[in-house]
Each structure stands twice: as structure tokens, then as C-alpha cells.
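The values are calculated or read from the model by the stated rules, or taken from the named source; none is laboratory data. These figures come from a predicted structure and were not determined experimentally. Note: ideal-geometry Cβ built from the backbone for every residue, glycine included; neighbour counts use all protein chains shown. The protein model used for the area step is the full one, side chains on, heavy atoms only, and it has no ligands, DNA or RNA in it. Shrake-Rupley method; radii C 1.70, N 1.55, O 1.52, S 1.80 Å.
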Amino acid sequence: AARAQEVTFFLVASNPAFFAVQPTLNSSGFLRFEPKLNVFGSTTLNVTLRDNGGTALGGKEVSESQTLVINILSVNVAPSFSLIQELFVLENPKVFLVPNYASNISEGTDLEQAQ
């Protein structure tokens, strides 16, 4: 009777900089990864499977490589800002200027320019 072999997947990303947590694939087929914030585009994973059966008697312990393409879609980040919540002014001003009334002004991310 054949003994049970342990298997391990090996994944190599063409662009590892896309990931905060690099992709992994367990022996049950569960794929896990975490893209970095504000990163989008495509990256290719080359995936191989290795067992611990050895190569005696002509055995092979590494599978053919297969390819997975992960497409990370861009997300439209809404612009944002903060306002002073309450303002007091004197009666009847001709012109009233409030420096820094709006702050923390963000147009979203630089990556949205490609949208």
C-alpha cells in the first residue's frame, strides 16, 4: 500500500510588490492573499505542486507549472475634506475670509488619474 504523501504548493508572483501578504495555497486548495492598498493592475502567479515521495525508481515529485492571473481592479476613492463645524462672525461684514476653513482636502488617490 502506498503511504500518504505530503504536498506543498509553491507560488511565485510576477509582481510581488502588489501584495501586502504574498499569495499562498494550502494542500486543501485554499488560496489566500492580501493586495496592498491603492494598488491595481494584473500580476501572474506561477504555481507548482511538490510532494515528498522522492524520485527513486523514476518518480517525479514536482508538477508542471500552471499560471494564474490575478486582476486587481481599481476602486474610485471619493474626495474628502473636513470643515470647521461652527463659525461666528460679526454682524454686517463687507467681506469675510476664513483661512483654512476647509482642511484635510483629498482628491482621492493619484492612481485615479488613469480612470
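Out of the residues in region 34-56 that are in a loop (DSSP other than H, G, I, E, B) and in contact with a Ser or Thr (Cβ under 6 Å, 6 or more places away or on another chain), which is farthest from Pro16 (Cα to Cα)? Looking at the filtered set, the residue picked out is Asn38.
Of all residues in region 17-67, those satisfying the criterion of being surrounded by 14 or more Cβ atoms within 10 Å (Cβ to Cβ), in contact (Cβ under 8 Å) with a residue 40 or more places away in the chain and either charged (D, E, K, R) or over 30 Å from Glu107 (Cα atoms) (or both) are Pro23, Leu49, Arg50, Asp51, Gly53.
Pairing residues of region 68-87 that are under 15 Å from Asn104 (Cα atoms) with residues that are of a type in the set (Phe, Trp, Tyr) and part of a loop (DSSP other than H, G, I, E, B), at Cβ distances under 6 Å and at least 6 apart in sequence or on separate chains, gives Ile84/Tyr101.
Taking the numbered list (1) modelled with pLDDT under 90; (2) on the phi < 0 side of the Ramachandran plot in turn, Asn92 passes all entries but (2). Residues in region 1-11 that are open to solvent by 90 Å² or more (accessible area, probe 1.4 Å) and either closer than 11 Å to Val47 by Cβ or at pLDDT 95 or above (or both): Phe10 alone. Residues of region 88-111 that are part of a loop (DSSP other than H, G, I, E, B), in contact (Cβ under 8 Å) with a residue 12 or more places away in the chain and aliphatic (A, V, I, L, M): Val98 alone.
Condition check ((1) more than 30 Å from Gln5 (Cβ to Cβ); (2) under 23 Å from the mean Cα position of the chain (by Cα)) across all residues:
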residue: Gly29; (1), (2): no, yes
residue: Phe40; (1), (2): yes, yes
residue: Gly53; (1), (2): no, no
residue: Gln85; (1), (2): yes, no
